[in-house]
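Read-outs throughout are calculated quantities, based only on the coordinates presented, and are distinct from any laboratory measurement. Since we're looking at a predicted model, the values are computed, not measured. Neighbour counts are summed over all protein chains in view; Cβ atoms, including those assigned to glycine, are modelled from backbone coordinates with ideal geometry.
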Amino acid sequence: MTKKVLVIEDSMTSTKVLQKVIQKAGYTAVCASSLYQAKHLFDQSMPEEFLCAIVDFHLPDAPNGESIDFTIEAYIPTIVVTGREDEQTRSIIINKNIVDYFTKGNSQFYEYLSRLLGRLERNQQIGILVVEDSRAERNATVALLQRHNFITYAASNVADGLAQIGQQNNIKLVITDDDLPDMSGIKMVESLRQQHSKEDLAVIGIAYQGRPGLSASFIKSGANDYLTRPYCHEEFFCRVIQNVEYIENIDAIRRAANTDYLTGLPNRRYFFNRVNAILQSPPAHISLALLDIDYFKKINDSYGHDAGDAVLKGLAELLADICRDYQLARFGGEEFCIFMPLALSEACQQIETLRCRVEKLRIRFEKQILNCTISIGITDIYEGSIDDMLQYADKLLYQAKQQGRNQWISSDTKHRS
């Protein structure tokens, strides 16, 4: 379901621009020109339908930010816009539990807003751990993070913090104080870096004014960044977002390097890395299947390459569903590979199920319904090299093609589909 963004703004011109920005970002704008109208619209919706609210500080029936209080009390992350640039207005705004604020004269506001909306939605999948001995400081930091929709975890000591990192795989950032009861925050960072690189888990250390060497100690111990307390909320969020986006950018680069651009399946490079890692301590049984789409060139020649791409994507979706417990990759063209920790007889049963599912698969392309079959070579012969296994499977695949297609042949010649 598309998330809604509540806009409370009495300027028709500003409202139209905000609507365009929100729609372009992929959300639905729900607009009100007064606090009274906003309350009525909100009552007709469920609170969880709203990603956030964009609220004008000054409205005819809410001249002093009362509309901000309404959305905050409704637990909607709130972005404030104002035409006033005086320090008193700014002070009132930043002392409220808002996500961010902007002046209407800021030419960069609408571009930043588009990015911020996407950020608020992505934050709903990102965990941040706060490790602080002081309950008051810990709760205050957690409350700040929750304004931006982050999933938050809290610990009062290092042991609890490390345990939560081991249990929660969505934690991408740790914010830690140094003064902890069982170990210093700096020692905690050193311990974390033995298991997690800076590219996998970001760490922000909390330093204090009066301890100028503490920030450097955090960085030397492996922290990505530091904050000096007391810090302003704007700086806090800038540092947090900067470090979260660093982790996301690294993840995106890795996905691009390891994923087939068309099907979204792992690519050949990722397959070899994963399988070779598994083979460092090989399971009791292993089998490898190499499969190829039958007469794929005819599909391209008859319907065009876009149709061929549709078949590849349809087949990849089916393979991903059936082979979720195995190592699967697109090797290129119409060829796919599956590595299974199974004895040959069990692997052949899985492959026969797969062959039958593919035979029944119907793929819609424009006004056409396309179908395909596959030929498979499958082997359990492992002599210390995954490359040798692939060569065996490739020869068996060739035999399956030569002997009629839409079948599998295994390295145990007694087994054929």
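Given the C-alpha atoms of the chain, compute the convex hull and give its volume per residue in Å³.
Hull volume over Cα atoms, normalised by residue count, gives 189 Å³.
Scan segment 53-89 for GluC sites (Glu not before Pro) in coil per DSSP, keeping those whose Cβ has at most 16 other Cβ atoms within 10 Å, and list them by number.
On the way: sites: Glu66, Glu73, Glu85, Glu87; in loops: Glu85.
Answer in residue order: Glu85.
Within 10 Å of each candidate Cβ there may be at most 12 other Cβ atoms; applying that plus a DSSP loop requirement, which GluC sites (Glu not before Pro) in segment 168-267 survive? Walk me through the numbers before you get to the answer.
Details: sites: Glu190, Glu199, Glu234, Glu235, Glu245, Glu248; in loops: Glu199.
In loop regions of segment 168-267 (DSSP not H, G, I, E or B), there are no sparsely surrounded GluC sites (Glu not before Pro).
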message: Quick check: net charge around Leu344, other residues with Cβ under 9 Å of its Cβ, Lys/Arg +1 and Asp/Glu -1?
response: -3
- prompt: Which value at 222 nm does the chain reach when only helices count, each DSSP H run of 4 or more adding -39,500 (n - 2.57), with the total divided by all residues and rounded to the nearest 500 deg cm²/dmol?
  reply: -14500 deg cm²/dmol
task: Quick one: Debye curve from the alpha-carbon atoms of segment 268-410 only, equal weights, vacuum; give me log10 I(q)/I(0) at q = 0.10, 0.11, 0.14, 0.15 Å⁻¹ to two decimals.
output: -0.33, -0.39, -0.63, -0.71
- prompt: Roughly how many Å is it from the Cα centre of segment 69-121 to that of segment 122-144, as a whole number?
  reply: 21 Å
field: Neighbour-limited loop hits for GluC sites (Glu not before Pro), segment 325-369 (at most 15 other Cβ within 10 Å; DSSP other than H, G, I, E, B)
entry: Glu366
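Tell me the relative contact order for segment 324-417 as a rounded percent, counting alpha carbon contacts under 8 Å between residues six or more apart.
Details: 120 pairs, mean separation 19.6, N = 94.
Relative contact order of segment 324-417: 21 percent.
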message: So if I take the centroid of the Cα atoms in segment 41-62 and the same for segment 249-277, what is the distance between those two points in Å?
response: 42 Å
query: Under 20 Å Cα-Cα from Lys24, which lysines qualify once same-chain neighbours fewer than 8 residues away are excluded?
result: Lys3, Lys4, Lys16, Lys104
message: Quick check: the distance between the Cα centres of segment 157-179 and segment 357-417, to the nearest angstrom?
response: 46 Å
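Out of the DSSP beta bridges found with both residues in segment 45-113, what percent are antiparallel (nearest 5)? Walk me through the numbers before you get to the answer.
Values: 1 of 9 bridges.
Beta bridges within segment 45-113, antiparallel portion: roughly 10 percent.
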message: I'd like the antiparallel share, as a percent to the nearest 5, of DSSP beta bridges with both residues in the chain.
response: 35 percent
message: Under a Cβ-only charge scheme (Lys and Arg +1, Asp and Glu -1), can you give me the dipole magnitude of the chain about the Cα centre, in debye to the nearest 20?
response: 1060 debye
